[in-house]
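Asks: Pasting in a structure now, in structure tokens, and then I'll have a few things to ask.
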Amino acid sequence: MIEKIKWVFAVLIVFLVILGTNLIDRRNFKQLKNSVENIYDDRMVASNLIYRMTSLLRNRELLIVRSDTTHYDERVRVFEDKFKDIISEYRSTNLTDFEQIELSRVIEAKNQLSRIEEQHVQLGQHNLDVIVERYDRIYRHMDELSTIQMEESAKQKRISQKAMDSVEFFTNIEIYMLVFLGVLAQVIILYRSK
């Protein structure tokens, strides 16, 4: 009877160890999945949006620098609509606090730029140096946003690697436990048969 209780207890301990490591593995795989999704949803998408904003700004800057006022109002309206859409999309990603600040700086600098450009076109003021400086300011903020994307992607990569290392560690423990149990079972079987 005591022998059976020992066996049940030994099997129960092994079961609990394997169950525990599997639960830890499940948590690590969820963390890994979330990290990979975050890299795509929040970092790759945001990087693409930064690229699109920069491209829009470059095209608008060319209009001003070349003094191309043909259909200017219509082009600016299209630009403003596209820019607002991109900003809205960007805000739907998971922003860090610093990213939120930089995005606000981009928006503020772009709004100041729009006012200066409007004066430039409507009043015929030709102070391109001020306009070019404003564009440079926006591009610096866009560079900051790009840097944040790289830093956050690296952070997510570290989280993924940590989860994978943990999965590998606990998988090795499971293998060693199974080998130990196999050897123990062989010893018990051989011991009983003698």
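Asks: Which of the numbered conditions does V132 fail, given that it passes all the others? Conditions: (1) under 22 Å from D73 (Cα atoms); (2) surrounded by 15 or more Cβ atoms within 10 Å (Cβ to Cβ); (3) touching a residue at least 24 places away in the same chain (Cβ under 8 Å).
Replies: Evaluating V132 over (1) under 22 Å from D73 (Cα atoms); (2) surrounded by 15 or more Cβ atoms within 10 Å (Cβ to Cβ); (3) touching a residue at least 24 places away in the same chain (Cβ under 8 Å) leaves (2) as the failure.
Asks: If you scan the range 16-58, which residues turn out to be more than 30 Å from R134 (Cβ to Cβ), in contact (Cβ under 8 Å) with a residue 12 or more places away in the chain, open to solvent by 80 Å² or more (accessible area, probe 1.4 Å) and more than 13 Å from the chain's Cα centre (by Cα)?
Replies: F29
Asks: Sticking with this structure for a sec: Of D68, D25, which residue is at pLDDT below 75 and part of a helix (DSSP H, G or I)?
Replies: D25
Asks: Can I ask one more? Specify the residue that is farthest from E144 (Cα to Cα); the eligible residues are those in the range 78-111 that are assigned to a helix (DSSP H, G or I) and under 15 Å from the mean Cα position of the chain (by Cα).
Replies: E89
Asks: Just to be sure, is I86 of a type in the set (V, I, T), modelled with pLDDT of 90 or more, under 19 Å from Y139 (Cα atoms) and open to solvent by less than 50 Å² (accessible area, probe 1.4 Å)?
Replies: Spelling it out, I86 is indeed of a type in the set (V, I, T), modelled with pLDDT of 90 or more, under 19 Å from Y139 (Cα atoms) and open to solvent by less than 50 Å² (accessible area, probe 1.4 Å).
Asks: Would you check if A10 is hydrophobic (A, V, I, L, M, F, W, C), closer than 30 Å to S153 by Cβ and assigned to a helix (DSSP H, G or I)?
Replies: In short, no.
Asks: On to the next question. Is one or more of the residues making up the range 150-168 touching an Asp or Glu at 6+ places or on another chain (Cβ under 8 Å), among the acidic types (D, E), surrounded by 14 or more Cβ atoms within 10 Å (Cβ to Cβ) and modelled with pLDDT of 80 or more?
Replies: yes
The values are calculated or read from the model by the stated rules, or taken from the named source; none is laboratory data. Note that this is a predicted model, so its numbers are computed, not measured. For neighbour counting, all protein chains shown are included, and Cβ atoms are generated from backbone atoms with ideal geometry for every residue, glycine included. Heads up: the accessible areas ignore ligands, DNA and RNA and are worked out on the full protein's heavy atoms, side chains in. Shrake-Rupley method; radii C 1.70, N 1.55, O 1.52, S 1.80 Å.
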